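Since every read-out is calculated from the coordinates, none of them should be taken as a lab result. From a predicted model like this one, the values you see are computed outputs, not experimental measurements. Cβ: placed from backbone, ideal geometry, glycine included. Neighbour counts: every protein chain shown.
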DNA sequence: TTCCGTGGAGAACGATCGTTCTCCGCCTGT
DNA sequence: ACAGGCGGAGAACGATCGTTCTCCACGGAA
């Protein structure tokens, strides 16, 4: 088994466990068992739990970004690409493993204690807002549309997580349609 | 010092500390010191930490509901009352102590482990959606407006918390204006 | 075969947490 | 003045966590 393969397995397992139970509720021993590696190997790959947490955040960022972009690129027009964001959310919310945005959750859990986690969450959200900004610019919308749609997407994530339903995706999508229409009309 | 006064002080102190540092990061000893009560008195009033957490959630729900309604009632028209929700958020986000919605945070921290916390968070959000629903109904808006505005408010909270700025309140308010206008026009 | 190094399983360690217990000073009633 | 009990401070306890250490089995080189 390759070293990087071990790293990858640890991070993927940690991602699942942290998402399902929360970061603080998952001990190193549970992670060790679930990933099927020895404790020595675990600490050979990562110097501490917090470094695993950061690696998980990077992994989440990559998965999220790639998954979102894949859905968005399937849409034909710029306007449909903006709406595709909410289709991606809808698919995500329906998964059994969905328990809210991992960045919001890790920020809530550790943001006040770990500046690294807080900053990474901030950067992730910033990058999402920039991504929406590009899509909005391609649609010819004014600059204020992107934050509006970003806020809708954030709200849909927390609403769906806490309510335990995926309704919020469709509601947010309909709101987005209205906002896009208004912004394009004003431009 | 009255018994209920002790309870109130414990809950108020716990609310501050849990909000500032996260629930799991605040031990009973720290709470004891900050509240200025003896450990014996603490366990005389509450049987366990989790019961304190639930009391804090109830306290938060009351504060939030009363504060929101006070701001909303100052507005003259039904349409302005809907927008006043976001003025309330704006004032909240500007406070130094603001670190995101306490229910979202506690759900993220303990929702997967504590069904009580998860359910209380769900009920709180549900009650907020109902509240928005009443305001929207008074404005003569169709039923779909309330979830849209609720999602905007949720998104503004997490965006403001993670970004560390209060911009999201104004952006959400402007989006709300558009959504309200569209919904009232359609009705 | 023998020796050595690598890696796995899990015990051990120190810290911390929630919770309980002990001890002691103080206040009150007579 | 004195006995008795109440309450506060904090030690103690058991559990758990992150991290390190110990011990041993195994496999390749001479």
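Taking each residue as 0.36 nm, the span from residue B:4 to residue B:63 lengthens on full extension beyond its C-alpha to C-alpha distance by 19.5 nm.
Relative to one another, the C-alpha centroids of region B:59-93 and region A:1-59 are positioned 43 Å apart.
Each copy carries residue B:165; placing its label point 7 Å along the C-beta direction from Cα gives inter-copy distances of 3.5 nm, listed from smallest up.
Quick one: Cα centre-to-centre distance for region B:109-187 and region A:133-187, in angstrom? So the separation of the two Cα centres works out to 13 Å. As a rough footprinting exposure proxy, the listed residues B:16, A:154, B:181 were ranked by other beta carbons within 10 Å of their own, and the order from fewest upward is B:181, B:16, A:154.
When a/c is below 1.5 the answer is rounded, else prolate if a/b is larger than b/c, else oblate, so apply that to region A:68-133 with a ≥ b ≥ c taken from the square roots of the Cα gyration tensor eigenvalues. Since a/c reaches 1.5 but b/c is at least a/b, the shape of region A:68-133 is classed as oblate.
Once you sort the root eigenvalues of the Cα gyration tensor of region A:82-187 as a ≥ b ≥ c, which label holds: rounded (a/c under 1.5), prolate (a/b larger than b/c) or oblate (the other case)? Because a/c hits 1.5 or more and a/b fails to exceed b/c, region A:82-187 counts as oblate.
Ranked by how many other Cβ atoms sit within 10 Å of their own Cβ, fewest first, the residues B:99, B:122 fall in the order B:122, B:99. Partner shielding of A:95-107 amounts to 3, given as the average count of beta-carbon atoms from other chains within 10 Å of each residue beta-carbon. Once you order the gyration tensor axes a ≥ b ≥ c over the Cα atoms, which shape class does the protein assembly as shown get: rounded for a/c under 1.5, otherwise prolate or oblate by comparing a/b with b/c? Because a/c hits 1.5 or more and a/b fails to exceed b/c, the protein assembly as shown counts as oblate.
Taken along its principal axes, the alpha carbon cloud of region A:1-140 reaches lengths of 54, 34, 26 Å, longest axis first. Summarised in one figure, the compactness ratio Rg/Rh of region B:138-187, Cα atoms and Kirkwood Rh, is 1.06. Between copies, the label points of residue A:62, set 7 Å from Cα on the Cα→Cβ line, lie 5.0 nm apart, reported in increasing order to one decimal in nanometres. For chain B, the longest principal axis of the alpha carbon atoms and the long axis of helix B:3-21 meet at an angle near 70°. Label-point spacing for residue A:43 across the identical copies (point 7 Å from Cα in the Cβ direction), in nm and ascending order: 3.3. For chain A, the longest principal axis of the C-alpha atoms and the axis of helix A:115-138 are separated by about 30°.
Exposure proxy shown here: for A:85, A:180, A:151, the number of other Cβ atoms within 10 Å sets the order, fewest to most, as A:180, A:85, A:151. With helices as the sole contributors, chain B gives -26000 deg cm²/dmol at 222 nm; each DSSP H run of n ≥ 4 counts as -39500 (n - 2.57), and the sum is divided by every residue.
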